[in-house]
Amino acid sequence: MSRTFLAVLQFDGGRFLGWQRQATGRTVQAAVEGVLERLTGRRVVAHGAGRTDAGVHAQGMGVSFSLAAKWEPDAVQRALNALLPRDCWVERVRLANPGFHARKSALGREYRYVVGVDPASMSPFRRPYEWALGRALDPDRLREAAAPLPGEHSFRAFAVKGEPKPHYRSTLRRAEWREREAGQGFTFHVAADRFLHHMVRMLVGTMVDIGLGRRPVEDMAALLARDDNADTSPPAPPEGLYFVSAQYAAEAFADHPGDAA
């Protein structure tokens, strides 16, 4: 008999080729599954709440997997943190109800993107963790560019080309720019029910071009009406992007009050 767990994982994506296991190269999924195999003596599949790209970081990536019923959440957390590489850390582990899946059970996800505009953004202590733009951005133009985004739209213009999808619609609950302290730059906060491949980075790349005065503010609304990405700005670099969290129904977890014996 086995039980399903959700681990909330933080990782520095700088030396990973992204979440998803690949034939060659270092990935977060392979690192987690390698530890789970050491703990159990067999292959255990780990499912991530999102499929982050190479260089993208996470502060709250949901990861689900199944272990023997003898395991308790605290013991799972201790074991993972003892064996995972130093650029990964498990914040907490919860016992989930049967059928839980970190990606399929998610009700929504939240990302943050960090842009540095001051000269110190080029520092080796900041550059790996933000877009070291090093140029001034107009805060009013950034906010105006983000204004049309909340709500349900087709984001085909902000997705990379690939295999056709049933649809490109997402519902954004939040899309806002905030100024950082001491004139360091800006952070873009976005939450939605689903995200397309490269969607956040393409949104940020286009809005930064608007903030630099390279494009008119009206371009964002025009792009939302397009069925291709031919006129979208290049995606922002990966190092500024953070997977912040995935949201789940409270009833998905065994410690929910309604599930108490």
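Summary table
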item	result
Sorted peptide list for 192-204, 221-233, 239-251, 144-156, criterion being average Cβ within 10 angstrom, highest first	192-204, 239-251, 144-156, 221-233
Cα coordinate range in segment 1-97, projected on the principal axes (Å, largest first)	36, 25, 23
Whether segment 87-212 is rounded, prolate or oblate, judged on the alpha carbon gyration tensor where a/c under 1.5 counts as rounded	oblate
Reported label for calculated Cα extents along the principal axes in Å given (i) 59, 40, 37; (ii) 44, 44, 39; (iii) 67, 38, 33	(i)
Charge dipole magnitude, Cβ of K and R +1, D and E -1 - the chain, Cα centre, debye nearest 20	780 debye
Mean separation of Cα contacts under 8 Å, 6 or more apart, over the residue count of the chain: relative contact order %	23 percent
Rounded FRET efficiency, nearest 0.05, which uses the C-beta distance separating ARG26 from ALA69 and R0 of 30 Å	0.40
Mean projected area in nm² (Cα convex hull; one quarter of hull surface) for segment 36-140	9.3 nm²
Only Lys, Arg (+1) and Asp, Glu (-1) charged, at Cβ; segment 73-151 dipole about Cα centre in debye	320 debye
Hydrodynamic radius by Kirkwood, which averages 1/r over all alpha carbon pairs of segment 160-251, in angstrom	14.9 Å
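Since every read-out is calculated from the coordinates, none of them should be taken as a lab result. All figures in this text were calculated on a predicted structure; none of them were measured in a lab. Don't worry about glycine lacking a Cβ; one is built from the backbone with ideal geometry, like all the others, and counts go over all protein chains shown.
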